[in-house]
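Here the structure is laid out as structure tokens; the discussion comes afterwards.
The values are calculated or read from the model by the stated rules, or taken from the named source; none is laboratory data. Just so it is clear, the model here is predicted, and its values are computed rather than measured. Heads up, the Cβs are rebuilt from the backbone with ideal geometry, glycines too, and the neighbour counts pull from every protein chain shown. Calculation scope for accessible area: heavy atoms of the full protein, side chains included, ligands and nucleic acids excluded. Shrake-Rupley method; radii C 1.70, N 1.55, O 1.52, S 1.80 Å.
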Amino acid sequence: MEWVADPRLAAGPEAAWFLEAVFAPGTQMGTVYDDPTTPVVVTRIEEVASLRVPSGRLVVDAPWDDDDMWAYEQGQPTRPPRELAVRIPPGSYRMEIAWTAGPYEFMGEQCDGVDVAATRLCISDEPVAGWEMALGVGEDVDELKPGDMIGFCADANVGCFADAGAWTTLCKPFRTFVNGHWGLHDTEELPGWCNRVRDESQQADLVTFGVEIRGVVWLGRTRTGDVASIVVASGVIDSEA
């Protein structure tokens, strides 16, 4: 049977176009803000890392929450991460960044306008037939109102993909205080201002990426409904750049 998206979760025409076009180098995504003569163009797709997800359960969330800083410092329990309700086959997956460029002038200086437009986790190479928002564990589609956009909050404009089974270990470097001061420890720097944490005991990873304050997670599904791609856009996907 061919998969059909739930209309309450399905991407609209603008969002669907963006999610496809942003990973096609050479595509014009819009124009520079306040300058309709200068295009914003997808310049390249960069492979950032391979992400190991042995549990088949995926967290897509911020690696820390500003509201929980006191709890981190005191070693107190905090809210669980936003784990996706959908499951993926256990394995290692390619993580990619879509880069765009749109030159602009700021305070008399020329800027190249190079930025991250979206990040995706490639689950398979099968063609995507449609896009829908990803529900988190415990979220109910029946509670959505028309126009609702569901996702995660990223106060510091940082999100991550991570294996849910190893979450406690993987997120620890982002929640550790040394001598009363918070700082990022024991992470591996990657291209695109990303960072990776490994848990070798479980062969699991966490990799960060840049995202706007509200991160909507999109599932690219095949004709049979399997997840082929998981995408988080770095900005608003239905507006000019």
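Annotations
- Total charge dipole magnitude, the chain, about the Cα centre, Cβ charges on Lys, Arg, Asp, Glu only, Debye to nearest 20: 700 debye
- Carbon + sulfur, % of accessible area of the stretch 1-153 - ligands and nucleic acids excluded, 1.4 Å: 53 percent
- Residue-by-residue Karplus 3J(HN,Hα) for the stretch 214-231, coefficients 6.51, -1.76, 1.60, Hz, glycine and proline x: 10, x, 8, 9, 10, 9, x, 10, 7, 4, 8, x, 5, 7, 9, 8, 10, 10
- For the stretch 1-56, applying the loop criterion from DSSP together with a ceiling of 14 other beta carbons within 10 Å to the chymotrypsin sites (Phe, Trp or Tyr not before Pro) yields Trp3, Tyr33.
- Solvent exposure of the chain, expressed per residue, is 51 Å² of accessible area, with all protein chains present and a 1.4 angstrom probe.
- Long-range amide H partners of Val211 with built H, under 5 Å: Val158, Gly159
- Among Trp99, Ala21, Ala228 the positive-end extreme of the charge dipole of the chain (Cβ point charges): Ala228
- Protection proxy ranking, peptides 86-97, 151-162, average beta carbon neighbours within 10 Å, highest first: 151-162, 86-97
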